[in-house]
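K.L.:
Below you'll find the structure I mean.
Taken together, the values in this text are just the output of simple stated rules run on the coordinates, not laboratory data. Source: prediction; values computed, not measured. No Cβ is skipped: glycine too gets one built from the backbone with ideal geometry, and neighbour counts run over all protein chains shown.
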Ligand code: ADP
């Protein structure tokens, strides 16, 4: 059995990593905003943090894709925009997030992945957090432009189980085939080159300026270099930052 070497706020650090049992008493509510361009690893980091912190990942991209997949009313409104790499209307996204944050599993905190992305979304979120009396920590994943392009253009997905691969950094055992399902991997609609350009343009013009907004609002904001290190190394840096008093 792994030796317990250190006790932290939301879990226990053991030789083999963190155990997944959160300790509600010692854990103050945490609103963690993972911020960064497409391809910066927000989804990957969220999944690692969920295990450690015991709070849910709230990914607006995943929520919107689920609405599309299920053919729900919201899905039909947003599908074309998502395929084109254009941001969905603030009202739509804000409502989804508001409903999600009201769920019981978000009562002790949450990890926001891909939200907020516009000034109007950031203002709505800050209003919701103020109403709860919660502070936010913003982790800004900083990634070189060329690394982003390589990650997004090389990304492949299993159409059956959703597992993501990358042609260079995380290839499947057999080229073009899912390790788990044996299905032929596909390129996500919005990972096509012209759409990638549009997503990056939306980030530069509408999302990046929020860094200044977070600063003005006095939010704790940390830049983390996520270009060159492994996801696990980036995760360990984030861990240290969010546990700072
Ligand atoms: P990425 O961060 O790699 O672009 P996401 O899965 O977060 O991927 O988002 C996919 C698409 O979903 C976006 O291009 C956009 O159309 C839509 N979307 C996701 N989150 C938001 C948001 N907060 N506001 C507006 N549109 C969003």
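K.L.:
Using a simple spin-label model with points 7 Å from Cα along the Cα→Cβ vector, what separation in nm is obtained for residue 216 and residue 228?
P.N.:
3.4 nm
K.L.:
For segment 76-102 and segment 127-184, what is the separation of their C-alpha centers, rounded to whole Å?
P.N.:
Each part reduced to its Cα centre gives a spacing of 19 Å.
K.L.:
So how far apart, in nm, are the two label points at residue 102 and residue 243 if each is 7 Å from Cα heading toward Cβ?
P.N.:
Rounded to a tenth, the inter-label distance reads 3.5 nm.
K.L.:
What is the calculated FRET efficiency for residue 128 to residue 84, with r their C-beta to C-beta distance and R₀ = 30 Å, to the nearest 0.05?
P.N.:
Details: r = 29 Å, r/R0 = 0.95.
After rounding, the FRET efficiency stands at 0.55.
K.L.:
Which value at 222 nm does the chain reach when only helices count, each DSSP H run of 4 or more adding -39,500 (n - 2.57), with the total divided by all residues and rounded to the nearest 500 deg cm²/dmol? Write down the numbers at each step before the final one.
P.N.:
On the way: 9 runs with 98 residues, N = 245.
Result for the chain: -12000 deg cm²/dmol, rounded to the nearest 500.
K.L.:
Something else now. List the pair-distance distribution P(r) of the chain, using every Cα-Cα distance, as the percent of pairs falling in each 5 Å bin from 0 up to the bin containing the longest distance, rounded to whole percents.
P.N.:
Histogramming the chain at 5 Å steps yields 1, 6, 12, 17, 19, 18, 14, 9, 4, 1, 0 percent.
K.L.:
Would you work out if segment 158-209 is rounded, prolate or oblate? Take a ≥ b ≥ c from the square roots of the eigenvalues of the alpha-carbon gyration tensor; rounded if a/c is under 1.5, else prolate when a/b is larger than b/c, oblate otherwise.
P.N.:
Details: a/c = 2.98, a/b = 2.67, b/c = 1.12.
Because a/c hits 1.5 or more and a/b exceeds b/c, segment 158-209 counts as prolate.
K.L.:
Quick check: pseudo-label points 7 Å beyond the Cα along Cα→Cβ at residue 92 and residue 167, how many nm apart are they?
P.N.:
Output for this residue pair reads 3.0 nm.
K.L.:
Also, quick follow-up: Place a point 7 Å from the Cα of residue 204 along the Cα-to-Cβ direction; which residues of segment 212-245 have their backbone N under 20 Å from it?
P.N.:
Under 20 Å, as judged by backbone N against the label point of residue 204, lie 212-213, 226-227 of segment 212-245.
K.L.:
Antiparallel DSSP bridges in the chain: what percent, to the nearest 5?
P.N.:
That works out to approximately 35 percent antiparallel.
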